[in-house]
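Heads up, the thing below is written out as C-alpha coordinates.
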Amino acid sequence: MAKNLQDTITLANGVKIPWLGLGVFKVKEGSEVVDAVRTAIKYGYRSIDTAAIYGNEEGVGQGIKEGLQEAGIAREDLFVTSKVWNADQGYDSTLEAYQTSLKKLDLDYLDLYLIHWPVKGKYKDTWRALERIYHEGRVRAIGVSNFHVHHLKDVFQGSTIKPMINQVEFHPRLIQKELRAFCKEQGIQFEAWSPLMQGKLLDNPTLQGIADKYGKSIAQVIIRWDLQNDVVTIPKSIKEHRIIENSNVFDFELTKEDLEQIDALNQNQRVGSDPDNFNF
(Lines give C-alpha, C1' and ligand atoms only; values in the text may rest on other atoms or scores of the structure.)
Protein backbone atom coordinates (compact mmCIF):
# COMPACT_ATOMS: atom_id res chain seq x y z
CA MET A 1 0.00 0.00 0.00
CA ALA A 2 1.25 3.45 -0.98
CA LYS A 3 2.63 5.50 1.92
CA ASN A 4 3.56 8.64 -0.02
CA LEU A 5 3.23 10.34 -3.42
CA GLN A 6 6.34 8.72 -4.82
CA ASP A 7 5.56 5.15 -3.76
CA THR A 8 5.40 2.69 -6.63
CA ILE A 9 3.91 -0.65 -7.61
CA THR A 10 6.04 -3.11 -9.59
CA LEU A 11 4.63 -4.24 -12.94
CA ALA A 12 4.93 -7.81 -14.24
CA ASN A 13 8.23 -7.01 -15.99
CA GLY A 14 9.83 -5.41 -12.91
CA VAL A 15 9.29 -1.78 -13.94
CA LYS A 16 7.94 0.44 -11.16
CA ILE A 17 5.03 2.84 -11.71
CA PRO A 18 3.92 5.46 -9.16
CA TRP A 19 0.52 4.73 -7.58
CA LEU A 20 -0.64 8.29 -8.17
CA GLY A 21 -0.04 10.51 -11.18
CA LEU A 22 -1.40 13.48 -13.10
CA GLY A 23 -3.78 12.94 -16.03
CA VAL A 24 -4.08 15.64 -18.70
CA PHE A 25 -7.22 14.63 -20.62
CA LYS A 26 -8.98 17.79 -21.88
CA VAL A 27 -6.13 20.00 -20.63
CA LYS A 28 -5.47 22.60 -23.32
CA GLU A 29 -2.25 22.63 -25.30
CA GLY A 30 -0.03 25.58 -24.45
CA SER A 31 0.42 27.31 -21.10
CA GLU A 32 -2.47 25.43 -19.41
CA VAL A 33 -0.91 21.98 -19.80
CA VAL A 34 2.67 23.26 -19.38
CA ASP A 35 1.74 24.85 -16.05
CA ALA A 36 -0.21 21.81 -14.81
CA VAL A 37 2.62 19.37 -15.56
CA ARG A 38 5.34 21.63 -14.17
CA THR A 39 3.29 22.28 -11.01
CA ALA A 40 2.63 18.57 -10.47
CA ILE A 41 6.32 17.68 -10.77
CA LYS A 42 7.26 20.59 -8.50
CA TYR A 43 4.93 19.24 -5.79
CA GLY A 44 6.25 15.70 -5.98
CA TYR A 45 4.25 13.94 -8.69
CA ARG A 46 6.40 11.47 -10.62
CA SER A 47 3.87 10.13 -13.14
CA ILE A 48 2.36 12.05 -16.07
CA ASP A 49 -0.25 10.49 -18.37
CA THR A 50 -1.13 11.88 -21.81
CA ALA A 51 -2.23 10.53 -25.21
CA ALA A 52 -1.83 11.44 -28.87
CA ILE A 53 -5.53 12.30 -29.20
CA TYR A 54 -5.37 14.81 -26.33
CA GLY A 55 -3.43 17.10 -28.68
CA ASN A 56 -1.19 18.33 -25.87
CA GLU A 57 1.95 16.17 -26.06
CA GLU A 58 4.17 19.12 -26.98
CA GLY A 59 2.97 21.09 -23.96
CA VAL A 60 3.38 18.04 -21.74
CA GLY A 61 6.95 17.71 -22.98
CA GLN A 62 7.65 21.37 -22.20
CA GLY A 63 6.03 21.01 -18.76
CA ILE A 64 8.22 17.97 -18.08
CA LYS A 65 11.35 19.88 -19.07
CA GLU A 66 10.48 22.83 -16.82
CA GLY A 67 9.30 20.58 -13.98
CA LEU A 68 12.47 18.48 -13.98
CA GLN A 69 14.56 21.63 -13.83
CA GLU A 70 12.48 23.18 -11.03
CA ALA A 71 12.44 19.98 -8.96
CA GLY A 72 16.10 19.24 -9.62
CA ILE A 73 15.43 15.68 -10.75
CA ALA A 74 16.42 13.62 -13.80
CA ARG A 75 14.23 12.26 -16.59
CA GLU A 76 14.76 8.77 -15.11
CA ASP A 77 12.88 9.89 -11.97
CA LEU A 78 9.70 10.43 -13.97
CA PHE A 79 7.17 7.94 -15.39
CA VAL A 80 5.63 9.16 -18.66
CA THR A 81 2.71 7.48 -20.43
CA SER A 82 1.16 8.09 -23.85
CA LYS A 83 -1.25 6.16 -26.07
CA VAL A 84 -1.67 5.27 -29.74
CA TRP A 85 -4.93 6.66 -31.14
CA ASN A 86 -7.50 4.61 -33.08
CA ALA A 87 -6.75 6.16 -36.48
CA ASP A 88 -3.08 5.20 -36.11
CA GLN A 89 -3.70 1.58 -35.16
CA GLY A 90 -2.20 -1.25 -37.22
CA TYR A 91 1.37 -2.51 -37.24
CA ASP A 92 3.37 0.01 -39.31
CA SER A 93 1.23 3.02 -38.42
CA THR A 94 1.64 2.27 -34.69
CA LEU A 95 5.42 2.20 -35.05
CA GLU A 96 5.20 5.61 -36.73
CA ALA A 97 2.76 6.94 -34.11
CA TYR A 98 5.18 6.02 -31.32
CA GLN A 99 7.97 8.01 -32.96
CA THR A 100 5.61 10.96 -33.48
CA SER A 101 4.66 10.97 -29.79
CA LEU A 102 8.34 10.84 -28.76
CA LYS A 103 9.12 13.75 -31.06
CA LYS A 104 6.24 15.88 -29.77
CA LEU A 105 7.12 15.10 -26.15
CA ASP A 106 10.80 15.69 -26.95
CA LEU A 107 11.75 12.48 -25.13
CA ASP A 108 14.07 9.61 -26.01
CA TYR A 109 11.69 6.95 -24.66
CA LEU A 110 8.36 6.45 -22.89
CA ASP A 111 7.91 4.55 -19.66
CA LEU A 112 4.54 3.22 -20.81
CA TYR A 113 2.78 3.08 -24.17
CA LEU A 114 -0.85 1.98 -24.38
CA ILE A 115 -3.36 1.02 -27.05
CA HIS A 116 -6.02 3.65 -26.41
CA TRP A 117 -9.09 1.63 -27.49
CA PRO A 118 -9.61 -1.93 -28.77
CA VAL A 119 -10.27 -1.12 -32.44
CA LYS A 120 -11.79 -4.28 -33.90
CA GLY A 121 -9.62 -5.93 -36.54
CA LYS A 122 -6.65 -3.72 -35.67
CA TYR A 123 -5.72 -4.01 -31.99
CA LYS A 124 -3.86 -7.33 -32.36
CA ASP A 125 -1.58 -5.90 -35.07
CA THR A 126 -1.19 -2.81 -32.92
CA TRP A 127 -0.17 -5.02 -30.00
CA ARG A 128 2.46 -6.75 -32.18
CA ALA A 129 3.93 -3.30 -32.90
CA LEU A 130 4.04 -2.51 -29.19
CA GLU A 131 5.78 -5.83 -28.53
CA ARG A 132 8.42 -4.93 -31.13
CA ILE A 133 9.02 -1.50 -29.59
CA TYR A 134 9.32 -3.17 -26.19
CA HIS A 135 11.66 -5.97 -27.34
CA GLU A 136 13.87 -3.35 -29.00
CA GLY A 137 14.19 -1.55 -25.66
CA ARG A 138 12.52 1.64 -26.88
CA VAL A 139 9.79 1.63 -24.21
CA ARG A 140 9.94 0.39 -20.62
CA ALA A 141 6.44 -1.10 -20.43
CA ILE A 142 3.43 -1.65 -22.70
CA GLY A 143 -0.25 -2.06 -22.04
CA VAL A 144 -3.80 -1.36 -23.10
CA SER A 145 -6.65 0.98 -22.26
CA ASN A 146 -10.40 0.36 -22.27
CA PHE A 147 -10.04 -3.40 -22.82
CA HIS A 148 -12.74 -5.76 -21.53
CA VAL A 149 -11.93 -9.34 -20.48
CA HIS A 150 -12.70 -10.72 -23.95
CA HIS A 151 -10.35 -8.18 -25.59
CA LEU A 152 -7.57 -9.17 -23.21
CA LYS A 153 -8.08 -12.88 -23.88
CA ASP A 154 -7.93 -12.16 -27.60
CA VAL A 155 -4.63 -10.27 -27.21
CA PHE A 156 -3.17 -13.22 -25.28
CA GLN A 157 -3.66 -15.42 -28.36
CA GLY A 158 -0.44 -15.37 -30.36
CA SER A 159 1.28 -12.66 -28.34
CA THR A 160 4.63 -13.03 -26.60
CA ILE A 161 3.83 -10.61 -23.76
CA LYS A 162 0.71 -9.88 -21.75
CA PRO A 163 -0.24 -6.24 -21.30
CA MET A 164 1.38 -4.91 -18.14
CA ILE A 165 -1.42 -2.40 -17.50
CA ASN A 166 -5.09 -2.02 -18.38
CA GLN A 167 -6.17 1.60 -17.95
CA VAL A 168 -9.96 1.90 -17.83
CA GLU A 169 -12.76 4.09 -16.57
CA PHE A 170 -13.06 3.39 -12.86
CA HIS A 171 -14.84 5.29 -10.11
CA PRO A 172 -17.47 4.60 -7.41
CA ARG A 173 -20.26 4.44 -10.02
CA LEU A 174 -18.30 1.91 -12.13
CA ILE A 175 -16.29 -0.44 -9.93
CA GLN A 176 -15.49 -3.06 -12.61
CA LYS A 177 -15.23 -6.02 -10.18
CA GLU A 178 -15.03 -8.78 -12.79
CA LEU A 179 -12.45 -6.95 -14.90
CA ARG A 180 -10.34 -6.09 -11.85
CA ALA A 181 -10.36 -9.70 -10.67
CA PHE A 182 -9.34 -10.95 -14.13
CA CYS A 183 -6.49 -8.43 -14.40
CA LYS A 184 -5.23 -9.38 -10.95
CA GLU A 185 -5.32 -13.08 -11.82
CA GLN A 186 -3.36 -12.38 -15.04
CA GLY A 187 -0.75 -10.11 -13.44
CA ILE A 188 -2.05 -7.02 -15.25
CA GLN A 189 -1.98 -3.83 -13.17
CA PHE A 190 -5.35 -2.06 -13.08
CA GLU A 191 -5.27 1.71 -13.63
CA ALA A 192 -8.13 4.22 -13.36
CA TRP A 193 -8.91 7.03 -15.75
CA SER A 194 -11.61 9.51 -14.77
CA PRO A 195 -11.37 8.42 -11.11
CA LEU A 196 -13.46 11.44 -10.04
CA MET A 197 -16.10 10.74 -12.73
CA GLN A 198 -15.28 14.12 -14.29
CA GLY A 199 -16.57 15.88 -11.17
CA LYS A 200 -19.97 14.17 -11.17
CA LEU A 201 -19.40 12.65 -7.70
CA LEU A 202 -18.23 15.75 -5.89
CA ASP A 203 -21.63 16.42 -4.31
CA ASN A 204 -22.49 12.82 -3.42
CA PRO A 205 -23.91 12.69 0.15
CA THR A 206 -22.45 9.24 0.98
CA LEU A 207 -18.98 10.37 -0.07
CA GLN A 208 -19.45 13.71 1.69
CA GLY A 209 -20.26 11.88 4.94
CA ILE A 210 -17.06 9.84 4.70
CA ALA A 211 -15.04 12.93 3.74
CA ASP A 212 -16.38 14.89 6.74
CA LYS A 213 -15.38 12.06 9.07
CA TYR A 214 -11.71 12.43 8.06
CA GLY A 215 -11.64 16.17 7.40
CA LYS A 216 -10.93 15.45 3.74
CA SER A 217 -12.50 16.34 0.39
CA ILE A 218 -14.62 13.92 -1.64
CA ALA A 219 -11.85 13.84 -4.27
CA GLN A 220 -9.33 12.77 -1.62
CA VAL A 221 -11.66 10.03 -0.38
CA ILE A 222 -12.12 8.64 -3.92
CA ILE A 223 -8.39 8.70 -4.63
CA ARG A 224 -7.75 6.95 -1.31
CA TRP A 225 -10.41 4.34 -2.22
CA ASP A 226 -8.54 3.71 -5.49
CA LEU A 227 -5.24 3.19 -3.69
CA GLN A 228 -6.73 0.87 -1.07
CA ASN A 229 -8.17 -1.19 -3.92
CA ASP A 230 -4.65 -1.52 -5.42
CA VAL A 231 -5.64 0.69 -8.36
CA VAL A 232 -3.10 3.07 -9.92
CA THR A 233 -4.86 6.40 -10.45
CA ILE A 234 -4.32 9.57 -12.49
CA PRO A 235 -6.75 12.34 -11.46
CA LYS A 236 -6.74 15.38 -13.74
CA SER A 237 -6.49 18.94 -12.48
CA ILE A 238 -5.16 22.23 -13.78
CA LYS A 239 -5.46 24.23 -10.53
CA GLU A 240 -2.40 24.30 -8.27
CA HIS A 241 -4.39 23.88 -5.04
CA ARG A 242 -6.27 20.88 -6.47
CA ILE A 243 -3.08 19.24 -7.71
CA ILE A 244 -1.70 19.57 -4.17
CA GLU A 245 -4.99 18.46 -2.55
CA ASN A 246 -5.26 15.34 -4.74
CA SER A 247 -1.84 14.22 -3.52
CA ASN A 248 -2.62 14.65 0.20
CA VAL A 249 -4.17 11.21 0.62
CA PHE A 250 -1.49 9.38 2.59
CA ASP A 251 -2.33 10.55 6.11
CA PHE A 252 -5.62 8.68 6.56
CA GLU A 253 -7.03 5.22 5.89
CA LEU A 254 -10.57 4.22 4.95
CA THR A 255 -12.14 1.46 7.05
CA LYS A 256 -13.62 -1.74 5.65
CA GLU A 257 -17.06 -0.20 6.20
CA ASP A 258 -16.07 2.94 4.28
CA LEU A 259 -14.82 0.85 1.37
CA GLU A 260 -18.03 -1.18 1.30
CA GLN A 261 -20.16 1.99 1.40
CA ILE A 262 -18.27 3.37 -1.59
CA ASP A 263 -18.51 0.07 -3.48
CA ALA A 264 -22.28 0.13 -2.91
CA LEU A 265 -22.51 3.32 -5.02
CA ASN A 266 -21.82 1.23 -8.13
CA GLN A 267 -24.40 1.58 -10.92
CA ASN A 268 -22.24 0.40 -13.84
CA GLN A 269 -22.53 3.98 -15.05
CA ARG A 270 -19.99 5.42 -17.51
CA VAL A 271 -19.02 8.98 -18.39
CA GLY A 272 -17.02 7.65 -21.34
CA SER A 273 -17.90 5.15 -24.05
CA ASP A 274 -18.38 1.43 -23.58
CA PRO A 275 -15.48 -0.26 -25.40
CA ASP A 276 -17.93 -2.69 -27.00
CA ASN A 277 -20.07 0.10 -28.42
CA PHE A 278 -17.47 2.74 -29.18
CA ASN A 279 -17.75 4.43 -32.57
CA PHE A 280 -14.22 3.83 -33.79
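Here Thr126 meets the list (1) of a type in the set (Val, Ile, Thr); (2) surrounded by fewer than 24 Cβ atoms within 10 Å (Cβ to Cβ); (3) in a helix (DSSP H, G or I) almost entirely, failing just condition (2).
Scanning the range 212-252 for residues that are among the aliphatic types (A, V, I, L, M) and touching a residue at least 24 places away in the same chain (Cβ under 8 Å) turns up Ala219, Val221, Ile222, Ile223, Leu227, Val231, Val232, Ile234, Ile238, Ile243, Ile244, Val249. For Ile262, the stated conditions do not hold, so it cannot be described as in contact with a helix residue (DSSP H, G or I) (Cβ under 6 Å, 6 or more places away or on another chain), in a loop (DSSP other than H, G, I, E, B) and surrounded by 15 or more Cβ atoms within 10 Å (Cβ to Cβ). Looking at the range 33-43, can you tell me whether even one residue there is at pLDDT 95 or above and in a loop (DSSP other than H, G, I, E, B)? Looking for residues that are at pLDDT 95 or above and in a loop (DSSP other than H, G, I, E, B), one finds at least one in the range 33-43, hence yes.
Residues are listed down the side, and each one gets a yes or a no for (1) in a helix (DSSP H, G or I); (2) in contact with a Lys or Arg (Cβ under 6 Å, 6 or more places away or on another chain):
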{"site": "Ala219", "(1), (2)": "yes, no"}
{"site": "Ile222", "(1), (2)": "yes, no"}
{"site": "Asp226", "(1), (2)": "yes, no"}
{"site": "Asp230", "(1), (2)": "no, no"}
{"site": "His241", "(1), (2)": "yes, no"}
{"site": "Glu245", "(1), (2)": "yes, no"}
{"site": "Val249", "(1), (2)": "no, yes"}
{"site": "Leu254", "(1), (2)": "no, yes"}
{"site": "Asp258", "(1), (2)": "yes, no"}
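Where residues in the range 139-164 are open to solvent by 70 Å² or more (accessible area, probe 1.4 Å) and of a type outside the set (S, T, N, Q), which of them is nearest to Gly14 (Cα to Cα)? Ranking the candidates gives Arg140 first.
State whether the residues of the range 190-211 include one that is open to solvent by 10 Å² or more (accessible area, probe 1.4 Å), touching a residue at least 24 places away in the same chain (Cβ under 8 Å), assigned to a loop (DSSP other than H, G, I, E, B) and within 25 Å of Val80 (Cβ to Cβ). Within the range 190-211 (the criterion being open to solvent by 10 Å² or more (accessible area, probe 1.4 Å), touching a residue at least 24 places away in the same chain (Cβ under 8 Å), assigned to a loop (DSSP other than H, G, I, E, B) and within 25 Å of Val80 (Cβ to Cβ)), the answer is yes, since at least one residue qualifies. Checked against (1) touching a Leu at 6+ places or on another chain (Cβ under 8 Å); (2) within 18 Å of Ala141 (Cα to Cα), Tyr91 meets all criteria but (1). Of the residues screened, Asn246 is one that is in contact with a strand residue (DSSP E or B) (Cβ under 9 Å, 6 or more places away or on another chain) and not acidic (Asp, Glu).
The combined condition, being within 29 Å of Asn86 (Cβ to Cβ), open to solvent by 10 Å² or more (accessible area, probe 1.4 Å) and of a type in the set (Asp, Glu), is fulfilled by Asp276.
From the set of residues in the range 52-99 that are in contact (Cβ under 8 Å) with a residue 24 or more places away in the chain and open to solvent by 70 Å² or more (accessible area, probe 1.4 Å), which is farthest from Asp125 (Cα to Cα)? Filtering first and then ranking leaves Glu70.
Flag: Lys65 matches the condition of being out of contact with any Cys (no Cβ under 8 Å at 6 or more places or on another chain), among the basic types (Lys, Arg) and under 23 Å from Gln99 (Cα atoms).
The values are calculated or read from the model by the stated rules, or taken from the named source; none is laboratory data. Worth saying up front: this structure is predicted, and the values here are computed from it rather than measured. Here the Cβ is made from the backbone with ideal geometry for all residues, glycine too, and neighbour counts use every protein chain on show. Heads up: the accessible areas ignore ligands, DNA and RNA and are worked out on the full protein's heavy atoms, side chains in. Shrake-Rupley method; radii C 1.70, N 1.55, O 1.52, S 1.80 Å.
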